[in-house]
1. Take chain B, connect every pair of alpha-carbon atoms lying under 10 Å apart with a spring to form a Gaussian network, then pick out the residue of B:203, B:250, B:190 with the largest mean-square fluctuation.
2. Starting from the exponent 0.38 and prefactor 2.2 Å, build the expected Rg for the range B:62-144 from its residue count and divide its actual Cα Rg by it.
3. Per-residue ellipticity at 222 nm for the protein assembly as shown, helices alone: DSSP H runs ≥ 4 residues times -39500 (n - 2.57), over residue total, nearest 500 deg cm²/dmol?
4. With the dipole of the protein assembly as shown worked out from charges on the C-beta (+1 for Lys and Arg, -1 for Asp and Glu) around the Cα centre, which of B:315, B:327, B:342 lies farthest toward the positive end?
5. Kirkwood hydrodynamic radius, the range B:1-140, all distinct C-alpha pairs: what's the number in Å?
6. For the range B:211-216, just list the computed ³J(HN,Hα) in residue order, Karplus coefficients 6.51, -1.76 and 1.60, θ = phi - 60°, integers in Hz, with x standing in for Gly and Pro.
7. Give me, ordered by chain and number, the residues 5 or more places off residue A:163 or on other chains with an amide H under 5 Å from its own placed amide H.
8. From other protein chains only, count the Cβ atoms within 10 Å of every residue's Cβ in A:195-207, then give the mean.
Amino acid sequence: MATISEADRAATARHAATARDAATGADGAMIRFDGVVQKFGTKTPFGDNRKTVLDGVDLVVPRGHMLCLLGPSGAGKTTMVNLIMGNEIATAGTVTVMGEVAPYPKARRWIGYMPQDEALYDDISAAENLRFFGAMNGLKGRELEERIDAMLEFGRLTEHRKKLVADYSGGMKRRLSLGVAMIHDPDLLVLDEPTVGLDPDLRLQIWAEFKKLTKAGKTLLVTTHVMDEAERCDEIAMLHRGKIIALAPPRTILADTGAANLDEAFLVLDGTAGTDPAATS
Amino acid sequence: MKTWAVARRILEQFLHDKRTLALLFVAPLVVLWLLSVLLGAGTYSPKIATVDLPSSLESALDKQDATITAMSEQDAASQLENDDIDAVLRLTGDDDKTLDIWVEGTDSTKTAAVAQVVAEAMQDVQEDAQSEMESRLDELKTSVAELQKAAAAMGLDGITLSGGSGTDSSTTESLDLDDYLPVTSTETTYLHGGKDWKMFDYYGPIFIGIFIFVFTFITSGMSLVNERSAGTMQRFLATPVKSGQILGGYSIGFGLLACVQSAVILLVALTLIGFPDAGNLGLVILMTVSMAMVSVTLGLLVSGLASSAFQVIQLMLLFVVPQILLCGLFDLSTAPRWMQVLGQCMPVTYGVNALTSIMLRGWGFDKTWVDFLVVWCFIVAFFVLAALGFRKKRVRHHLAINGR
């Protein structure tokens, strides 16, 4: 992965001043979950057919942190991402981003979002995809063109800029999708399974890039179901059956459970959570 | 700016998709050409069998635009059964003076053609009979005059023959048939069009309007469904873009596409297919673009009901086909009152009305502005409703959180 260019840094610095206008929470939290319950399905007078996906989640992600949301498929990771993005509304509890609730009239400009599927326009070129999403985020003119070039360079796609996305490989699409999420230089990046299906070398490069972004003061929320990837994060939130069963740096989790790796740690924590009545419902 | 970015992206998608782009222009032209051949052909000349008709009627039928074959009754019956001929003519009645027209009857166009041929032949026969009668009368008149002359020569001055004959009696008792008819011939003056206009000349402008409407509905509906299934919709809703900007971008994008599309269609239709055009082409394009905008806003309004391309087609059957049926393609003047009222509640009706007025009657904006106004009212109404529907999700989120 190419390093972030000079133009990119300049844009970051330029945004830094205005970014402060979008207030963080009173405690400086970028993302905050307060007793969030999310249920799907219908409730009728004849019975409650709702399935509980999130069961009382409390979570705070401070500015400049990289939090890894770790859990098996169906644990509720994507639901949490959708709540943060304002795509869904919690059944109970509150989700705040930079001190605002959905639909984030001020904060939305500073959120970058990469959904689980690529979510790109297959029938136009990479540069046209970047231009469209950049414009949607309010970029225009020279600044937009600079950011497009920077993101193409970031994804090592400069020579493929005029190629239709339909002709891209899976890895190229993923890199472009990440570029689209970062086109407007957001303060908060919400990335749903960004490395799934990527080659190991590419995965390493992307994680290195994430580290660089946190050093530059960005806040990252990354979901994954791959345990060893999570070890690279500052902090891990282990999600199991709609509850956060652990929230600590990876080393602390390993020390507390006495496990050799996160997979074992998860099984240890899972065992204790298994006695919880809500978890078996 | 964001509105333009949405429009630009839609146009870029079409520019890269050469096949769809070609189809947008070629498909309507092929269908219009086929229709012009089908509806532009002359009237149908029916195949009629005759069974033992009098020779005068037989020869009168031969002069008509029809294939007349004399055959036996059994042959005629079996051929009619096999749909090889359209009608059998034979004489019935006590005195064999009633012409029995025995039609196949499934196709009303063919039945009407048969009736037309028989009516014209009957008129010819009657005219022949009339002129024969008149010549016989003349003969009678001459012989009466001769008789009178002979009588005068014999000195019988006082004798007059009953029946109104005589040199001066024609002023009171005419023997000329024309004096008994209030009208003896007709002449038609065309305010618009002309004698040689075919059925297609009337339908041409209607089909252009319908094409633009249907194509825009399908392409814009598919486009939105693709956005939803590819996840790009969710992604750009995560940006600070307003629903009005998204819908505006869609309307402008597809409006521009329709502008180019209708210009190309009109150019080819007027020069190669031979469409009539009596009016201002700019006004025609303005109306087709307006119809495309109605179509795209209606598509945006209802596309939330579809989750696949297949369902877009189903929606088209529900929201577009009734408009086509009631827009003026078929004459509604004999239809039930409620159906006429329903037709007046649909935007396509006004668009098609304006297109026929401009292209066939040569009317200007001063006479068609009401149609334009109604169409634009539909655009605004659909746009506002679609924007409200789009925003509803977000607003509900907002209220649900803040209202607690």
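We did not get these values from a lab; they are worked out from the coordinates using the rules stated. All of these numbers come straight from a predicted model, not from anything done at the bench. Note: ideal-geometry Cβ built from the backbone for every residue, glycine included; neighbour counts use all protein chains shown.
1. So, out of B:203, B:250, B:190, the one fluctuating most is B:190.
2. 1.44
3. -17500 deg cm²/dmol
4. Of B:315, B:327, B:342, it is B:315.
5. When all Cα pairs of the range B:1-140 are included, the Kirkwood radius is 19.5 Å.
6. Residue by residue, the range B:211-216 yields 4, 4, 4, 5, 4, 5 Hz.
7. A:126
8. On the way: counts 0, 0, 0, 0, 0, 0, 0, 0, 0, 0, 0, 0, 0.
Shielding by partners across A:195-207 averages 0.
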